[in-house]
Amino acid sequence: MKRDLAYDFLIDIPTKTIKIKKEFAADPSLVWQAWTSSDWLDQWWGPKPWHVETKTLDFIPNSIWLYAMVGPEAEKHWALSQYIEINEGHSFSHKDGFCDEDGIINQDMPQSTWNVTFTPADKHTVVDCIITYDSKEAIEGVLEMGFQEGISMCLKQLDELFERTSLNT
């Protein structure tokens, strides 16, 4: 019998923080690859009917992931992740924000800093994300835009991708 995988989504407005804990039925190296490779990210990092198209991803400190969230009418909303620190296979951090096609950050939109860690857990992997915003208005703004629903859908899509991958191996 397949057991439910752990998933927690905690919002702390006073500290301007969202904490996400998600367990995946996959080996840590595969989960790491899914979070750090455009081949994988383009398959799950966009809530349906949207999807992601990576323009640039160079997963090293002080580099970027520039991508478009592409809607059902081919509309594009651009985002940029600027990698800060990478502890290969274990954790990474990045600054995230909305931008234009050239990666120029839109200062009028919320920005956040993500700290993402990967922990092996009995043939599974637990991913912890601590997402910090610059202001109370910024965290409230992304929640109003549907961040919780969107990221929850994305993480479910990653579960499904791991399940399909395991069936094909």
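The values are calculated or read from the model by the stated rules, or taken from the named source; none is laboratory data. Since we're looking at a predicted model, the values are computed, not measured. With ideal geometry, Cβ positions are generated from the backbone for all residues, glycine too; neighbour counts draw on all protein chains shown. Each accessible area value is taken on the protein alone, full model and side chains, heavy atoms only, with ligands, DNA and RNA left out. Shrake-Rupley method; radii C 1.70, N 1.55, O 1.52, S 1.80 Å.
ILE60 meets the conditions (1) in a loop (DSSP other than H, G, I, E, B); (2) touching a helix residue (DSSP H, G or I) at 6+ places or on another chain (Cβ under 9 Å) in every case but one. The failed one is (2).
For the stretch 3-24, the condition holds for no residue, the condition being that it is under 20 Å from LYS156 (Cα atoms), of a type in the set (Phe, Trp, Tyr), outside any strand (DSSP E or B) and open to solvent by less than 80 Å² (accessible area, probe 1.4 Å). Of all residues in the stretch 21-46, those that are among the basic types (Lys, Arg) and closer than 16 Å to HIS94 by Cα total 0. Only a single item in (1) outside any helix (DSSP H, G or I); (2) open to solvent by less than 60 Å² (accessible area, probe 1.4 Å) is not met by ASP42, and it is number (1). Out of TRP50, TRP35, one residue alone is open to solvent by less than 30 Å² (accessible area, probe 1.4 Å), under 19 Å from CYS154 (Cα atoms) and touching a helix residue (DSSP H, G or I) at 6+ places or on another chain (Cβ under 9 Å). It is TRP35. Only strands (runs of 3 or more DSSP E) whose full extent lies in the stretch 87-155 are considered here, and the ones with at least 3 residues that are open to solvent by less than 20 Å² (accessible area, probe 1.4 Å) and touching a helix residue (DSSP H, G or I) at 6+ places or on another chain (Cβ under 9 Å) are 111-121, 124-133. Picking from residues in the stretch 86-101 that are within 13 Å of TYR67 (Cβ to Cβ) and free of Cβ contacts under 8 Å to residues at least 40 places away in the same chain, the one that is farthest from the chain's Cα centre (by Cα) is ASP100.
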